[in-house]
């Protein structure tokens, strides 16, 4: 029970998730316990098929676990009613995707405004549209794309689209950013700039960033790294030598249903 | 907010969806055109049907009619007086019309109606269908000098002018014939000494008849050798002084189709050919009202023509003065002086319940006691009105089926769009949009498409209806086929009525169909699992 993660911002406890195909159970997550500390930049690393994306979807409540719980900021979120989960995704967290997932019909600015529009009625939006537009422009400015605000996604490069997506994820002032392979579709250089941007948001705004990647070199850029394999969290290490370097190679979780507290406490 | 924004964006960027609602547009436009033309037709038809037929018709089927119409009217007023605006009595009698045309006798079966000119106009639109403008204001059974249908093309000269000219011409002609005849006879006498049959009868197409006045009146045609004045001197009586150039028989108003024919000339224009016209004399044969009916044969002078536009009326009615017809048929009791009529027509006040009044009258005059048939004008024209209604209903159903078919087009297109937008739907859900929110994007998209589609259809339909006659003209020029054959229809232009209520429900129906077609795709979008949607390639 280490003191560093007594109050994690996001925590998964004993998550199990299987997919079924032709009535055959395909376990994807086989009991994952993981906790992400406030203000840290963490990475979930693993090969494709290791279950890292599924875990992220569960953390974002886009899907529901067969077993286990997801806690956000001291509140269980996986069993919230639909509406509550929608609000959680809309307000508490920001999600960034590998394929950006911008809406092609909307301009950059409108894409950034989308979360604000979703959470408000027509009337509510119109009442606040000046302040909301100002915030969206500030966010675009933050990612360095204010001059492209009227451009459609089809008129932008991959890196630009990912920046717009980041600006969008910041729109509703989330406490946590979930990034699913944010650089997976970008060349090294552009990916680097995206990583720098995420790091910047982490250090300057104190935003917790959880990044999912298959690339160890990217994972190394995070403060803390969790390795996944075959639906289990197999390894956990911190990248900064100053911080408890000894844990990195050795802190393994056992195969069979590790207690959540143990997984957390070791870090 | 995002719903509106997105569905407007989809509307602007998805042309395939716009293509799918073209059928809605066409359906709506066609519905509007069809409905307004049908409404125009049926209003015109109602107008015409109702024009001559009064609201309620009480007919007595006995040949002698019902005696003492005033007592009947008083009784009717006692029963349903509150609803009655006007009443008129008349005598209807089947008869045969004989027209002398180019020496041939043209016969027509007509319904001879004796009307009371003063009250008849209060129960029907009789006057307005007459072709003399003065008669339209006040019916007069005396022949007018001239001025018949001045705005009508090719209408032959009519009235006293024509009558006098005709008489003069006929007299001159018969004098000339007589002269030639006399010469011929002389020649024959010289050549063979054998007398030949004169051509007197062959010249006269009119049926033989013995009435003294007819003999005289047919003057120039029947007149063997001498002008009628001189001829009249021999037969004596009233006829002796009858001069067709200055006198007339009792006036009669003929339905225009009883004495004319619509034909196309070589150039393809429709022209009316008249067998007789105001100023000519015709013969009517009808039964007397006595126990042993005899055929009466009476000459009348045509004083006007009647054109309602309903061929049924125009080809079967002839009108004369009530008192004259009663006198001819012996419908006036010689002792008491009580007159009989066969028909009582009633006009009801606006908004009165036709059927209720009819039923009240039927109760007062039960059919097992009185040989009266009491009908509303709708009863009489029931089959026709029902046919038009049925036609309109069926057309509406068919056209709505067209829009429904269009609805399936929208359904298919929407499914395509939903599939195409799968990732966007996943994105929206990841950003916190609810299933119902996503559903409403596509529902409002369908609604919007429906509004746009039927709105364009509405505009198109209204424009079409407004210019329908010009369009018919253009089609006629291109195809050479007359869209609207005036020999078949009595309308010179296509009547249309745009009923705002019809427009509203056509719009509403089309929009509802378009929206309903988007429900399934929208539900599919709403139920889409966000993870599957996000992973969709």
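May I ask you to work out the translational diffusion coefficient for the protein assembly as shown at 4 °C, viscosity 1.567 mPa s, via Stokes-Einstein with Rh from the Kirkwood sum over Cα pairs, reported in whole µm²/s? All intermediate terms of the calculation are to be shown ahead of the outcome.
Details: Rh = 35.5 Å.
D, rounded to a whole number, is 36 µm²/s.
Highest mean first, how do A:49-62, B:321-334 rank when packing is the count of other Cβ atoms within 10 Å averaged over residues? Walk me through the numbers on the way to the answer.
Values: A:49-62: 23.8, B:321-334: 18.6.
Packing proxy ranking, top to bottom: A:49-62, B:321-334.
What are the semi-axes of the equivalent ellipsoid for chain A, taken as the square roots of 5 times the Cα gyration tensor eigenvalues, largest first, in whole Å? Write down the numbers at each step before the final one.
Numbers: eigenvalues 195, 86, 63 Å².
Three semi-axes, in Å: 31, 21, 18.
Would you list B:18, B:57 from fewest to most Cβ contacts within 10 Å? Can you show the working numbers first?
Values: B:18 16, B:57 22.
If I rank by nearby Cβ atoms, fewest first, I get B:18, B:57.
Considering all alpha-carbon pairs of region A:139-204, what whole percent are spaced by more than 20 angstrom? Don't skip to the end; give the middle numbers.
On the way: 480 of 2145 pairs.
Percentage above 20 Å: 22.
Find the relative contact order for region A:10-266 and round it to a whole percent, using C-alpha pairs within less than 8 Å whose residues are 6+ positions apart.
Working: 499 pairs, mean separation 72.9, N = 257.
About 28 percent, as a whole number.
Normalise the Debye intensity by I(0) for region B:1-115, one equal point scatterer per Cα, no solvent, then take log10 at q = 0.10, 0.11, 0.15 Å⁻¹ and round to two decimals.
Listed by q, the Debye log ratios stand at -0.65, -0.70, -0.96.
Only bridges with both residues in chain A count here: give the DSSP antiparallel percent, nearest 5. Could you put the intermediate results ahead of the total?
Numbers: 23 of 42 bridges.
In chain A, DSSP labels about 55 percent of beta bridges as antiparallel.
Which value in deg cm²/dmol, rounded to the nearest 500, describes the helix-derived mean residue ellipticity at 222 nm for the protein assembly as shown, given -39,500 (n - 2.57) per DSSP H run of n ≥ 4 and division by the residue count?
Working: 31 runs with 372 residues, N = 804.
Calculated at 222 nm, the ellipticity per residue is -14500 deg cm²/dmol.
Return the Cα extents of region B:112-176 along principal axes one, two and three, sorted largest first, each rounded to a whole Å.
Between the extreme Cα coordinates on each principal axis of region B:112-176 lie 51, 27, 18 Å.
Residues of A:94-106, mean number of Cβ from any other protein chain within 10 Å of their own Cβ, rounded to a whole number? The partial results should precede the final answer.
Working: counts 1, 5, 0, 5, 1, 5, 1, 9, 2, 10, 5, 11, 5.
Per-residue shielding by partner chains comes out at 5.
Averaged across the residues of A:113-121, what count of C-beta atoms belonging to other chains lies within 10 Å of each residue's C-beta?
Working: counts 3, 9, 6, 3, 8, 10, 5, 2, 1.
For peptide A:113-121, the averaged partner shielding equals 5.
Label points 7 Å out from Cα along the Cβ direction at residue A:83 and residue B:70: separation in nm?
Label at residue A:83, label at residue B:70, 8.4 nm between them.
Which of A:188, B:369, B:502 has the fewest other C-beta atoms within 10 Å, and how do the rest follow up to the most?
Numbers: A:188 11, B:369 7, B:502 17.
Arranged by neighbour count, lowest to highest, A:188, B:369, B:502 become B:369, A:188, B:502.
I need the peptides A:94-106, B:173-185 ranked by packing, meaning the mean over residues of other C-beta atoms within 10 angstrom, with the highest value on top. Intermediate results must be reported in sequence, preceding the final value.
Details: A:94-106: 22.1, B:173-185: 13.8.
For the peptides A:94-106, B:173-185, the packing ranking is A:94-106, B:173-185.
Using R₀ = 45 Å, calculate the FRET efficiency as 1/(1 + (r/R₀)^6) where r is the Cβ-Cβ separation of residue B:336 and residue B:492; round to 0.05. If you can, show how the numbers build up before the last one.
Details: r = 51 Å, r/R0 = 1.13.
So the FRET efficiency works out to roughly 0.30.
Viscosity 0.692 mPa s, temperature 37 °C: give me the Stokes-Einstein translational D for region B:284-323 in µm²/s, with Rh taken as the Kirkwood radius over C-alpha pairs. Please report the intermediate quantities before stating the final value.
Values: Rh = 12.3 Å.
Answer, rounded: 267 µm²/s.
Among DSSP beta bridges lying fully in the protein assembly as shown, give the percent that are antiparallel, nearest 5.
Bridges in the protein assembly as shown that DSSP calls antiparallel: roughly 70 percent.
Give me the one-decimal nm value for the distance between modelled label points at residue B:192 and residue A:234, 7 Å along each residue's Cα-to-Cβ direction.
13.9
Taking 8 Å as the Cα distance limit and 6 or more residues as the minimum spacing, I'd like the relative contact order of chain B as a percentage. Provide the component values of the computation, followed by the final result.
On the way: 888 pairs, mean separation 152.8, N = 537.
Averaging sequence separation for qualifying contacts and normalising by length gives 28 percent for chain B.
Based on other C-beta atoms within 10 Å, arrange B:253, B:451 from fewest to most. Working shown, then result.
Values: B:253 29, B:451 18.
Ascending number of Cβ neighbours within 10 Å: B:451, B:253.
What do you get for Rg/Rh over region B:413-537 if you use C-alpha atoms and the Kirkwood form of Rh? Present the calculation step by step, with values, prior to reporting the outcome.
Working: Rg = 22.7 Å, Rh = 17.8 Å.
Rg/Rh for region B:413-537 comes to 1.28.
Based on the Cβ-Cβ distance of residue B:165 and residue B:50, what FRET efficiency does E = 1/(1 + (r/R0)^6) give at R0 = 45 Å, to the nearest 0.05? Provide the component values of the computation, followed by the final result.
Numbers: r = 39 Å, r/R0 = 0.87.
With R0 = 45 Å, the Cβ-Cβ based efficiency is 0.70.
Report, in whole Å, the centroid distance computed from the Cα atoms of region A:45-76 and region B:360-419.
63
What nm distance separates the two modelled labels at residue B:482 and residue B:398, each placed 7 Å from Cα along Cα→Cβ?
Going from the residue B:482 label point to the residue B:398 one covers 2.4 nm.
Please compute the Cα-Cα pair-distance distribution of chain B with 10 Å bins starting at 0, giving whole percents from short to long.
3, 14, 18, 17, 14, 11, 8, 6, 4, 3, 1, 0, 0
Quick one: compute the contact order of region B:413-537, relative version, from alpha carbon pairs under 8 angstrom and 6+ residues apart, as a percent.
Details: 103 pairs, mean separation 72.6, N = 125.
Computed value for region B:413-537: 58 percent relative contact order.
No value in this document is a laboratory result; all are computed from the given coordinates. Model, not experiment: these values are computed from the prediction. Cβ atoms come from the backbone with ideal geometry, glycine included; neighbour counts cover every protein chain shown.
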